[in-house]
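The values are calculated or read from the model by the stated rules, or taken from the named source; none is laboratory data. Just so it is clear, the model here is predicted, and its values are computed rather than measured. Neighbour counts are summed over all protein chains in view; Cβ atoms, including those assigned to glycine, are modelled from backbone coordinates with ideal geometry. Remember, those area values only see protein heavy atoms, side chains included, never the ligands or the DNA or RNA. Shrake-Rupley method; radii C 1.70, N 1.55, O 1.52, S 1.80 Å.
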Amino acid sequence: MTARPDPTGPRELRLDPDRAFPAEPGVRSIAREIHAATADLPIVAMHGHVEASLLRRDEPFDDPARLLVTPDHYLVRMLVSQAGGARAVPGVTGPHDLGVRSSDPAVSHETDPREIWRRFCAGWPLFRGTPTRFWLEHTLVSVLDSPLRPSAETADEIYDHLVERLAKPEMRPRALFERFGIEILSTTDPAHASLSEHKALAAEGWGERVVPTFRPDPLLHVDRPGWVEQVRLLGEAAGSPVDTYPQYLDALRTQRAAFVAAGARATDHGHLRADTTPLDDVTAGRIFDAALRRSATRAEAEAFSAHMLFQMAAMSCEDGLVMQLHPGVLRDHDRQVHDRLGPDVGYDIPTPTEYVHGLRPLLEAFGHHPRFRVVLFTVDETVFSRELAPLAGVYPAVRLGAPWWFLDSPDAMRRYREAVTETAGFYNTSGFVDDTRAYCSIPARHDLARRIDAGYLARLVAEGRLEQDEATETAVDLAYRLPRETYPAL
Amino acid sequence: MTARPDPTGPRELRLDPDRAFPAEPGVRSIAREIHAATADLPIVAMHGHVEASLLRRDEPFDDPARLLVTPDHYLVRMLVSQAGGARAVPGVTGPHDLGVRSSDPAVSHETDPREIWRRFCAGWPLFRGTPTRFWLEHTLVSVLDSPLRPSAETADEIYDHLVERLAKPEMRPRALFERFGIEILSTTDPAHASLSEHKALAAEGWGERVVPTFRPDPLLHVDRPGWVEQVRLLGEAAGSPVDTYPQYLDALRTQRAAFVAAGARATDHGHLRADTTPLDDVTAGRIFDAALRRSATRAEAEAFSAHMLFQMAAMSCEDGLVMQLHPGVLRDHDRQVHDRLGPDVGYDIPTPTEYVHGLRPLLEAFGHHPRFRVVLFTVDETVFSRELAPLAGVYPAVRLGAPWWFLDSPDAMRRYREAVTETAGFYNTSGFVDDTRAYCSIPARHDLARRIDAGYLARLVAEGRLEQDEATETAVDLAYRLPRETYPAL
Amino acid sequence: MTARPDPTGPRELRLDPDRAFPAEPGVRSIAREIHAATADLPIVAMHGHVEASLLRRDEPFDDPARLLVTPDHYLVRMLVSQAGGARAVPGVTGPHDLGVRSSDPAVSHETDPREIWRRFCAGWPLFRGTPTRFWLEHTLVSVLDSPLRPSAETADEIYDHLVERLAKPEMRPRALFERFGIEILSTTDPAHASLSEHKALAAEGWGERVVPTFRPDPLLHVDRPGWVEQVRLLGEAAGSPVDTYPQYLDALRTQRAAFVAAGARATDHGHLRADTTPLDDVTAGRIFDAALRRSATRAEAEAFSAHMLFQMAAMSCEDGLVMQLHPGVLRDHDRQVHDRLGPDVGYDIPTPTEYVHGLRPLLEAFGHHPRFRVVLFTVDETVFSRELAPLAGVYPAVRLGAPWWFLDSPDAMRRYREAVTETAGFYNTSGFVDDTRAYCSIPARHDLARRIDAGYLARLVAEGRLEQDEATETAVDLAYRLPRETYPAL
């Protein structure tokens, strides 16, 4: 190891220039050289949850709590997880105490952003060893210029600094977009979206830089509460009523075309299972009709979801939209929390996920189609070496997505490369795809991915398994060229 | 790496002062510093299989074989696994050759402790790379002062030394308790236990130091052979007959209260599945009645076990006993071995274990209860990152137990931290919980855990992911404060 | 790290003398010392797919494409996986473009070996980080004396060099056998094989060096298309017609005896599941009869396969053939590809595999039989620590096979040792067993395994968990003694 700098004082935050590199000095030195070739590459952010309106409006950010705490389910869940325990943050008993708004008017939520910020700062030690800590450190130090270690003592000082900072023009979304070096940013949009924000951005010359992604999940799960309403919205967006299964397919096709016209490159699908077994048209139509009457069974609903994944792939062969599949998460594990606070507050839990049999119908039909591409994600690490790398390593249509969600972290990203490369190589992976909700953490996430890949490649070089010129070229491919190539313009 | 000492002679055992630390000198040096802060902390042993009678009686230990070989299923299984092969230890064809007593009078077992000891010593090379080797080395060198490498040649010399050593007063259980620095030791006791040994210890002022744990497994599995007898014993212990399901619940409550009165802090549950689906009272009562008549079906028995886990959690909300759940082990894989030699002779095998759906009823009901805590263990490593860390990282009631049984080993403990920390952090884990049967190996196990945690934390520091002051504080928490806080006094 | 040599030019291939060793200099130096003790040991190749006829004929090898590209499904699948993408190798749209012959006469395949070779060379970057790259580098540099980095530019130069080289007498199969230091090589042969090649080799004094392996898979899966024909061939080979289930068992026994007489030491079984539940004779006979009439159901066929694994184990207790079990691969995931190109072209995908319940009947019956040994393989890494190490760590009959197929790679081999050693030790593993189709890569595979084991053992030494004399002895055991002992001569 190189000599470490003097320990920082307990009030300071610093960004170690060698952060996330392997500790062994020889490997670290190779990693540094490889990383130098990628550190300043543009950011290609082909999947995320930043809203187009943020860039369209280009207004100053809200207060620090609304920017960094309340909407980040990683933060919320960790602070909630300690409620009632010896390490509990005073005042935090549930997500509402961090500003998450309840749908139940009887449940109040904390509205004072300074108080929310104090709670987050008091809980800072809970994030030790987590990617949240890594991202926030990067965001505070290098985006927000606030190199103080959060704690109950420093909370107000940081808060005041951030409020002042967020008011500056260079902290507006578009200025940050430039400063972050983002070349292209994909948003995630419902199938019935008007895409008006995207169109407005395009009119301002931002059409190549902010593109939508077609996410029809609520339409493909006929047993979810709002499904009938979703179908109505789809018809409205597509410009003709949807009363039958053929009309439903047509409307989906129409909306996909509208997305393509607005610059979309991909669809995105979050299903509990990866099943893609198609139904015959009569059966699909029958289930659709039953669902409109709210009488489809759960088994029918599952079969229909699987069928629709197959249909989405078929449509991708026509229109060229890359299909992204994110299966295996049980949403809203605690249904009471969901009923009170809604989705995305930290109660989604991964489950064992089967891909080999599930994807077989889809891959037998389209796995060699020259226009089809599917990017597979997982939160079940066991499938990387067992299922996903072997599938991506043979089917031309398959690319292996970056490690996602709970796995978008230093050690999990390293394990991902170790698990998949030997079978799928580098070039059957998507390169880095972030999944960011927090706009300000986009650079931190790409920075981390580039560092982990540099460290992994450096180890291959140090172990005589790769030459350094090859490693450097590969690092550039993973950071930049592969994400560009995986999601081509249509 | 630091310069290594000259290789020991083939007859010596030595404890490397840097054992189990990462090899890279920079990381190792940080690990040493972190470890220095925990090495002398008291031992908090909140789960184990040492009998209270051992400390109550405080008599000299039996011979070396009965102390170290026969009761340790790790040792027995390894020596048996080579039977008949090229590396077989002469004379070992099954557990009975190592002193394990058969219930079948026709099967004799070895009764000469010196012969058993010789067999173990001859098999020493089989333990290379195992935690058994690590623990025994520690026990022989630092507890028993016998730094000779076991082998066929040294067996008698070691044996004679140990016999002499075990006769000394400083080797009695209570003297070792002090020397080991044990602050508190939990035993594991059947639900019908009279706890007389614990009460006797309390009368001698050891009540805070040796506490019972409520383990009702045989009562919750109505299809196990001895169940009816267990119910009878429960009624006897609780002081009123148990003929009905409500009486059964009452008796369990009564006994839990008796355990609480005797200082217990936890219950412990070993089930094949983690299912916690409750039944309605009528169904539960019906199955109970059928079981008393030995006519419950296997499906009913499984449903009843799941239901009773839910009931145990409900009772924990009342009385505050921490619930420990150890699912996923198929006991007695070879039923003939079980019929001849009984349980716990090495034939228990882990199986894939599902937690997300299984625990959902329990967590929806009690996951946010201010008085409820459940500590989840597993022997299926795949669930650490996929299921247990995400659950522990959001539900206030959940703590992730230390890696258990087959996973209580250097590399598995390191993998555990790598798999869970990024999602659950450190403070949703229990800190170290040993599962020791072998009294003399308690210090070795805590020593190893502290070293592995120091090494993991040192890596985070070396990779710029944590400051050293934070790492040191965390190490102390994992070794001492978290186990204390996880199992609070009632 | 030691100083690295100057980077090679982009046209050179080199074999790093420290390849695949851990990068940390202290550990690497120990690894080097350990490896020195195994580097020159003879090769014991107890499982593979080299044909006996290759050595019997001892003719010069075909052209480079037919030697190295077309028959290697690792290469074919990787090149195919990029078809149509930005990194696609021009001209490669499917396996037929790499010379794989279609059963459909309408589908032509590439027949020009130089063109196939060019395609492979153009795709060289795709193999970065894969074991294929490692093996080929070794083969090109040290077997074929061609130290040029493959690329579109160097393809012809390498091709011409290889053609010249392959024509030399020292490149004939038997000369290479000596040069590689192979002590014994097992082939894989159908149950109905005449073993004439093996007999001819024996007549030339090669009987101890090239031995057959009994692989009855097509006979044990009654629902596979060619099953009836296989039964006919079995009867023919055994010398008496097979019309009934008892005749079928007898014929299998007869052929096993013929294999034993020809020097066989093992059977080999590739099943989708590890189920070994036996049937009663009447049921087995009934399914057999139905299968002969092509009317067995899929469930019956699966039950029969499981039953026959049990029968094979029973026969192994009689004749001493070691049973090798390779479950968990879904063959021919894309059935259209299979229909066009046949099996073994890269479309086999691992699936989750259950061993604990599946093997219970077999292990309860034969797990302690003094003459029975079963070697368990997997392509599902999750079972190493959860199921296979615990089973191998107690049942005398069980040995844990080397990491197989997709897992026969540097990082996966390291993970294997890390996952299994702490529970099963070293001596319940088989030592290294390659699974080579490519004759010239046999030394590369053994070289890699010895390096990875040396690195793993060196880490144990560096972490104070093993003395170096023990590590060196263990390395020799893993490379040589254990494979010899696992598959004893009968």
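A few comments on the model shown:
- When B:Arg77, B:Arg149, B:Arg87 are checked against the criterion of being touching a strand residue (DSSP E or B) at 6+ places or on another chain (Cβ under 7 Å), under 24 Å from C:Arg465 (Cβ atoms) and within 13 Å of chain C (Cβ to nearest Cβ), a single residue qualifies: B:Arg149.
- Of all residues in the range A:234-258, those being in a helix (DSSP H, G or I) and of a type in the set (Val, Ile, Thr) number 1.
- Within the range A:38-51, the set of residues being open to solvent by less than 40 Å² (accessible area, probe 1.4 Å) and farther than 19 Å from A:Arg179 by Cβ comprises A:Met46, A:His47.
- Of the helices (runs of 4 or more DSSP H) lying entirely inside the range A:106-203, the ones with 2 or more residues being over 30 Å from A:Arg253 (Cα atoms) and more than 25 Å from the chain's Cα centre (by Cα) are found at A:113-122, A:155-166.
- Check on C:Gly207, part of a loop (DSSP other than H, G, I, E, B) and among the small types (Gly, Ala, Ser): yes
- Taking first residues from the range B:161-173 that are without any contact (Cβ under 8 Å) to a residue 12 or more places away in the chain and partners that are in a helix (DSSP H, G or I) and small (Gly, Ala, Ser), the Cβ contacts under 7 Å between residues at least 6 apart in sequence or on separate chains come to B:Pro169/B:Ala175.
- For B:Gly464, the conditions (1) free of Cβ contacts under 8 Å to residues at least 24 places away in the same chain; (2) more than 8 Å from chain A (Cβ to nearest Cβ) are fulfilled apart from (2).
- Scan of the range A:340-357 for residues that are among the acidic types (Asp, Glu) and at pLDDT below 90, ordered by number: A:Asp344
- Of the candidates A:Arg481, A:Arg451, the single residue that is under 30 Å from A:Ala52 (Cα atoms), out of contact with any Phe, Trp or Tyr (no Cβ under 9 Å at 6 or more places or on another chain) and in a helix (DSSP H, G or I) is A:Arg481.
- Of all residues in the range A:209-235, those that are over 21 Å from A:Ser316 (Cβ atoms) and without any contact (Cβ under 8 Å) to a residue 60 or more places away in the chain have Cβ atoms under 7 Å from Cβ atoms of residues that are part of a loop (DSSP other than H, G, I, E, B) and of a type outside the set (A, V, I, L, M, F, W, C), 6 or more apart or on another chain, in A:Leu233/A:His192; A:Gly235/A:Pro241.
- Which listed residue, of B:Glu157, B:Glu183, is in contact with a Lys or Arg (Cβ under 8 Å, 6 or more places away or on another chain) and either of a type in the set (Asp, Glu) or open to solvent by 20 Å² or more (accessible area, probe 1.4 Å) (or both): B:Glu183
- If you filter the range A:314-337 down to residues that are within 14 Å of chain B (Cβ to nearest Cβ) and buried (at least 17 other Cβ atoms within 10 Å of the Cβ), you find that the one that is farthest from A:Gly270 (Cα to Cα) is A:Val337.
- Within the option set B:Pro131, B:Pro71, B:Pro25, being open to solvent by 30 Å² or more (accessible area, probe 1.4 Å) and either without any contact (Cβ under 8 Å) to a residue 12 or more places away in the chain or within 14 Å of another protein chain (Cβ to nearest Cβ) (or both) holds for one residue only, B:Pro25.
- Residue check, C:Phe426 within 13 Å of chain B (Cβ to nearest Cβ), in contact (Cβ under 8 Å) with a residue 12 or more places away in the chain and of a type in the set (Phe, Trp, Tyr): yes
- Of all residues in the range B:386-414, exactly one satisfies the criterion of being facing another protein chain (nearest Cβ under 8 Å) and basic (Lys, Arg), namely B:Arg386.
- Scanning the range B:266-309 for residues that are surrounded by fewer than 22 Cβ atoms within 10 Å (Cβ to Cβ) and either outside the structural domain of B:Gly207 (by TED's automatic domain parsing) or assigned to a loop (DSSP other than H, G, I, E, B) (or both) returns B:Gly270, B:Leu272, B:Arg273, B:Thr277, B:Pro278, B:Leu279, B:Asp280, B:Arg293, B:Arg294, B:Ser295, B:Ala296, B:Thr297.
- Restricting attention to the range A:419-441 and to residues that are outside any loop (DSSP other than H, G, I, E, B) and out of contact with any Gly (no Cβ under 9 Å at 6 or more places or on another chain), the residue that is farthest from A:Ile43 (Cα to Cα) turns out to be A:Ala419.
- Qualifying residue in the range C:196-210 (condition: on the phi > 0 side of the Ramachandran plot and out of contact with any helix residue (DSSP H, G or I) (no Cβ under 8 Å at 6 or more places or on another chain)): yes
- Residue within the range C:203-216 that is under 16 Å from C:His49 (Cβ atoms) and open to solvent by 10 Å² or more (accessible area, probe 1.4 Å) present: yes
A quick yes/no check of all residues on (1) surrounded by fewer than 24 Cβ atoms within 10 Å (Cβ to Cβ); (2) under 24 Å from B:Leu75 (Cα atoms); (3) of a type outside the set (Lys, Arg):
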site	(1), (2), (3)
C:Asn428	no, yes, yes
C:Ala449	yes, no, yes
C:Leu466	yes, yes, yes
C:Leu478	no, yes, yes
C:Glu485	yes, yes, yes
